[in-house]
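Beneath this line is the structure, given in C-alpha cells, with notes to follow.
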Amino acid sequence: MTTSPLDRAADSFAAELARHRTGRGLSKKQLATLMGFDPSYVSHVEGRRHRPTEDFARRAEAVLDASGAIWQRYREYDELRHARGDKAHHRESPIPGQWLPPGTGLIVEREQATLTYLDEVYRCVIRRGLYNAGTEPVTRYLVRVAVDRYPADPGRSNRHHREHPLTFAELRLRAHRLDAGEREVMHWRAKHDRDAFKEIWLLFENADRRFPLYPGDRATIEYAYHVGADKWGPWFQRAVRVPTRHLAVRLDLPAALDPQVWGAETSLSAEEGPLRTPVARREAGDRVVFDWATDDPPLNARYRMQWRFRARPDGDPDEPDRVRPSDRMRGLGIVQRGADLLRQPTQPFDLPREEQVARNVVDRLAGTLLRLDELHPFSKGVGIAAPQLGIGRAAAVVRPPDRGAEPVVLLNPRVVDASPDVDEQYEGCLSFFDHRGLVPRPLRIDVEHAHVDGGRIITSFEYGMARLVAHEIDHLEGRLYVDRMAPGVPLVPVEEYRYSGQPWRY
C-alpha cells in the first residue's frame, strides 16, 4: 500500500513530536497540560488520527524547545497541504519563540510577591510584569485572595470563616499600573465573594481613561491588600495560572517571634514535596526576611510557604505550646536519634537456646506498637526495632497497613535478595519523628529470618511492606533512613509533611 506525500508529511510531524516528547521525559498528558490541550488531542495527533494545526505546532515547538524541528515538519506538511492550489491561505510564519497560551495570551515575565506581618496584620503586595503575546487587547486581569486560618484543621477553619467572613472592606485593596515610574490607578470589580475566598477583576481603566494592554506591549501591575492575623493562617501560596518566567516570594516577619519557615510545591506531574531550592534567611534589624525564587515554573504548579512563631509573646490561645512529636515518642521510652545504641549493629539471638529472651523482647516491641496506635494514625503501617527500646538484640516487629493483619516478627533477619526496581517515598522514624525524608527502597526484598525454635525461613515482601521491613532491618544494622537519602535532599519538618494518615501510593 502506498501513501500520499501529504500523509507521509503528517507521519513525519507525528514522529518528530513523539521523539521530542519522549526525549524530554513527558507523557502525552503532561505535554497536553503544558500546551493547554486536552490529553486525547496529543494522543490523536501522535497516532495519526488528527492532522496537526498551526496553533498545535507552535505550542509544541515552544514547549518542547525543539530548535525548529517540529515547526519545520509542520511547514513541510503545510506546504503540501496548500500545494493543491489553495495558495491564498498560505502565509510565511517565523519559528515560534515562545508558547502562545490559550485565551488572551498573557505571560507573566516576572512576579514578586511580598507578605509582611506587622501589628497583627498581614500586608500582601504582588507586582507582576505582564507581556501580551496574544492577538487581542487585554482589558482586565483576574486575581484571587484566599484565607485559611487553620490549614491543618479544615472543619475548624470553615466554621471560623463562616462566623468571621473575609470582607472587601477590610482588604483595602489597591491596584496600580506602573509605567515609566508613574502609578496609574486601576479600578477593580468583584467576580466571586465567598467567606474565605475572593476573585477580583483588576481593570485596565480608571475614572479618567482606559489603558488596555495591547498585543506586543508590556506593563507592570501592582496590587496590595490587608488581612488580620485572626483570619490569615500561617501560610502563603502562589499558584501559576498563566505562563510565568520568574516567580519570587518574600516573607517579612518579626524577629522577636523567632519565625521558622519552610516550603512545599506541587504540580500536575508531581505530588507535593519540599521546595527544590532552599529558602534564604537574613536578619534586617528587628525583622527576619525569607526569600525564595524559581524560574520557568510549570503551569498549574503551586508553591506554599509556611511558618510558625517559636517565641510568640504572652501566649496565644490559638497557637498553644505544642509537644513535639519526638517528645511523645520519648515519653513511650523510644530512644531518639543521637543515642549511640542506634548506630551499633545488634547482637543476634542464639536460638533455640535464647528462645525465652527472644520472646520477651518481641513482647515488649509488640506492646509498644499497641500504645503507639493511641498517639498517631499509622496508616502506612509501622515497625519498631529492639534498639529503639534500648535493647541491642536483633529483633523487630512490623505491623502491616491492614490493621487486621498479624504483625510480622523478625528475628536475626538479613536481606538475601532485592528487586532492581526502586522507588522513592517519604519515611518517618519513631526515633526521629519530627521530620520525614524521601528514601529510595527496592520494591521487593527477600528476607531470611528465624523462628524462636531456631528454624530459618525466607519471606518475600513487596511495596509498602518491603519498605517497612527494610527500614527495621536497617535499625538492626545500626543504620537510619537518613543514611539512605540522596545527597542534598532536604528533610521535611513534620509540620510541612502533607501525607500523614495516607498510605503510600504504588
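The values are calculated or read from the model by the stated rules, or taken from the named source; none is laboratory data. Please read these numbers as outputs of a predicted model, since none were measured by experiment. Cβ sites come from the backbone with ideal geometry, for glycine too, and all protein chains shown count toward neighbours.
Among the residues of the range 201-209, is there at least one that is hydrophobic (A, V, I, L, M, F, W, C), modelled with pLDDT of 90 or more, part of a helix (DSSP H, G or I) and in contact with a strand residue (DSSP E or B) (Cβ under 8 Å, 6 or more places away or on another chain)?
First, pick out the residues of the range 201-209 that are hydrophobic (A, V, I, L, M, F, W, C): 201-204, 207.
Cutting the leftovers down to modelled with pLDDT of 90 or more gives us 201-204, 207.
Filter once more, so that each one left must be part of a helix (DSSP H, G or I): none.
Checked against the condition, which is being hydrophobic (A, V, I, L, M, F, W, C), modelled with pLDDT of 90 or more, part of a helix (DSSP H, G or I) and in contact with a strand residue (DSSP E or B) (Cβ under 8 Å, 6 or more places away or on another chain), the range 201-209 yields no hits at all.
Could you tell me whether any residue of the range 213-221 is at pLDDT below 90, within 25 Å of residue 116 (Cα to Cα), outside any helix (DSSP H, G or I) and out of contact with any Leu (no Cβ under 6 Å at 6 or more places or on another chain)?
no
Consider residue 404 carefully, then state whether it is touching a helix residue (DSSP H, G or I) at 6+ places or on another chain (Cβ under 9 Å), without any contact (Cβ under 8 Å) to a residue 60 or more places away in the chain and either within 25 Å of residue 376 (Cα to Cα) or outside any strand (DSSP E or B) (or both).
Working: touching a helix residue (DSSP H, G or I) at 6+ places or on another chain (Cβ under 9 Å): no; without any contact (Cβ under 8 Å) to a residue 60 or more places away in the chain: yes; either within 25 Å of residue 376 (Cα to Cα) or outside any strand (DSSP E or B) (or both): yes.
No; evaluated as a whole, the condition is false for this residue.
Restricting to the range 447-493, and then to whatever is in contact with a strand residue (DSSP E or B) (Cβ under 6 Å, 6 or more places away or on another chain) and in a loop (DSSP other than H, G, I, E, B), can you tell me which residue is nearest to residue 358 (Cα to Cα)?
The qualifying residue nearest to residue 358 (Cα to Cα) is 485.
Mind checking which strands (runs of 3 or more DSSP E) fall wholly inside the range 236-313 and carry at least 2 residues that are modelled with pLDDT of 90 or more and of a type outside the set (Ser, Thr, Tyr)? Working first, answer last.
Working: elements: 246-254, 259-267, 270-274, 280-284, 287-295, 302-309.
Qualifying strands (runs of 3 or more DSSP E): 246-254, 259-267, 280-284, 287-295, 302-309.
I want to confirm something. Restricting to the range 19-42 and keeping residues that are surrounded by fewer than 16 Cβ atoms within 10 Å (Cβ to Cβ) and out of contact with any Pro (no Cβ under 9 Å at 6 or more places or on another chain), which single residue is nearest to residue 242 (Cα to Cα)? Break it down stepwise before answering.
Just the residues of the range 19-42 that are surrounded by fewer than 16 Cβ atoms within 10 Å (Cβ to Cβ), to begin with: 19, 22-25, 27, 29, 38-40.
Now restrict to residues that are out of contact with any Pro (no Cβ under 9 Å at 6 or more places or on another chain): 19, 22-25, 38-40.
Values: 19: 27, 22: 24, 23: 25, 24: 21, 25: 22, 38: 17, 39: 19, 40: 22 Å.
Per the criteria, the residue is 38.
Got a number for residues in the range 359-384 being touching a strand residue (DSSP E or B) at 6+ places or on another chain (Cβ under 6 Å) and under 15 Å from residue 450 (Cα atoms)?
2
Looking only at residues in the range 49-63 that are free of Cβ contacts under 8 Å to residues at least 40 places away in the same chain and not in a helix (DSSP H, G or I), which one is surrounded by the fewest Cβ atoms within 10 Å (Cβ to Cβ)?
Restricting attention to the range 49-63, the residues satisfying the condition of being free of Cβ contacts under 8 Å to residues at least 40 places away in the same chain are 49-50, 53-54, 56, 61-63.
Then keep just the ones that are not in a helix (DSSP H, G or I); that gives 49-50, 53.
Details: 49: 11, 50: 16, 53: 13.
Selected residue: 49.
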